[in-house]
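To keep things clear, I will list the structure first and then write my remarks on it.
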Amino acid sequence: MSTPQLTPDTTRMLRGLGHHDASVRLRAALAAGTTPDHRFVDPLVERCAVEPEFYVREMLTWALTRHPAALTVPALVGELRRPEAQARSQALHTLSKIGDRRAWPAITRELLTDTDDEVARSAWRAAVVLVPDGAESALAEVLTTQLGRGGRQTQVSLSRALVALGELIEPILREAARHADPGVCQHAIATERLLDDPDADFEFAIEEAKRVVALGENERSR
C-alpha cells in the first residue's frame, strides 16, 4: 500500500514548523498534535533540536506525545547521541512526558552526568519517571555523585529527582552529608530536609544546611 500524498494543508503545516514567526510555528505544532500522522514524527523531533522558543518547544513535545510511542521513542532515543545539547535535553524532556519505560536503557550515566546542566537536569527528570522497579538504588547512587553541582536551579532539580525516589535515598544522603566538600554536604543536608518535607523552600533548606555544616556534626545531633 502506497503512502498517501500530503494534502496542501499538511504540507503548509510542516513548512510552518520552520517559519520565522514563532506564532506560526506554535500553530503548526498544535496542528500536528491535533491530527497525528506518522509522517509528522521526524519533522517534530528535528524541530525540537533547534527551536529557540520555550513555549513552542513545549507544544512540539505535546504534539509528539499525541503520536504512538512505538514511533516517537526510537526517534527521540536517537537524538540522545547528538552533539547538540538542546537536541539531547529536549529529547529527554519529551521522553519523560511520554513515560514509556522502553526508553530506560538509553538513560545512561553519561547523560545523567552530562557537562551541560540543562541536559543533566532533563536526564534526572526522565530517569526518575522511567526507572524500572529494582533499579532505583543504582540510579540514586549515580545521582548523588552530582550533589553540589551548579547553581540553585540545577541543585533544586537534583534534589527533587532524589526525593522522587523516596526513602531509599536516606542512607545515601547521610553518607554524602559527611563528604569532604562542604558544597556536597550542604546539598545533601538540604535534600534530606526536602525528603522530610517536600513542600519546604529549597533556599531556606540550603541556608539551614550551610549553618549546620559550619557548626559541625555536633549541631546536627541535637
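The values are calculated or read from the model by the stated rules, or taken from the named source; none is laboratory data. Keep in mind the model is a prediction, meaning the values are calculated, not measured. Cβ coordinates were reconstructed from backbone atoms using ideal geometry, including for glycine residues, and neighbour counts include every protein chain displayed.
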The condition of being surrounded by fewer than 19 Cβ atoms within 10 Å (Cβ to Cβ) and over 24 Å from Asp117 (Cα atoms) holds, among Ala75, Ala70, only for Ala70
Restricted to region 129-179 and to residues being hydroxyl-bearing (Ser, Thr, Tyr) and surrounded by fewer than 16 Cβ atoms within 10 Å (Cβ to Cβ), the residue farthest from the chain's Cα centre (by Cα) is Ser137
For region 5-24, the count of residues that are under 24 Å from Ala69 (Cβ atoms), crowded, with 17+ Cβ neighbours inside 10 Å and not polar (S, T, N, Q) equals 3
Only one of (1) part of a helix (DSSP H, G or I); (2) under 14 Å from the mean Cα position of the chain (by Cα) does not apply to Thr72, and that is (2)
Pairing a residue in region 205-217 that is over 10 Å from Ala177 (Cα atoms) with any residue that is at pLDDT below 85 and of a type in the set (Asp, Glu), where Cβ atoms lie under 9 Å and the two sit 6 or more apart in sequence or on different chains, gives Arg211/Glu219; Val212/Glu219
Per the list (1) within 21 Å of Ser96 (Cβ to Cβ); (2) in contact with a Leu (Cβ under 9 Å, 6 or more places away or on another chain), residue check on Ala164 breaks on (2)
Of the residues in region 178-208 that are touching a Ser or Thr at 6+ places or on another chain (Cβ under 9 Å) and small (Gly, Ala, Ser), the one that is farthest from Thr144 (Cα to Cα) is Ala205
When region 50-67 is checked residue by residue, the ones that are more than 17 Å from Ile98 (Cβ to Cβ) and surrounded by fewer than 21 Cβ atoms within 10 Å (Cβ to Cβ) are Val50, Pro52, Glu53, Phe54, Tyr55
Filtering region 78-99 down to residues that are among the acidic types (Asp, Glu) and buried (at least 17 other Cβ atoms within 10 Å of the Cβ) yields Glu79
- request: With the condition kept exactly as written, say whether any residue in region 22-43 is in contact with a Lys or Arg (Cβ under 8 Å, 6 or more places away or on another chain), modelled with pLDDT of 95 or more and among the acidic types (Asp, Glu).
  value: no
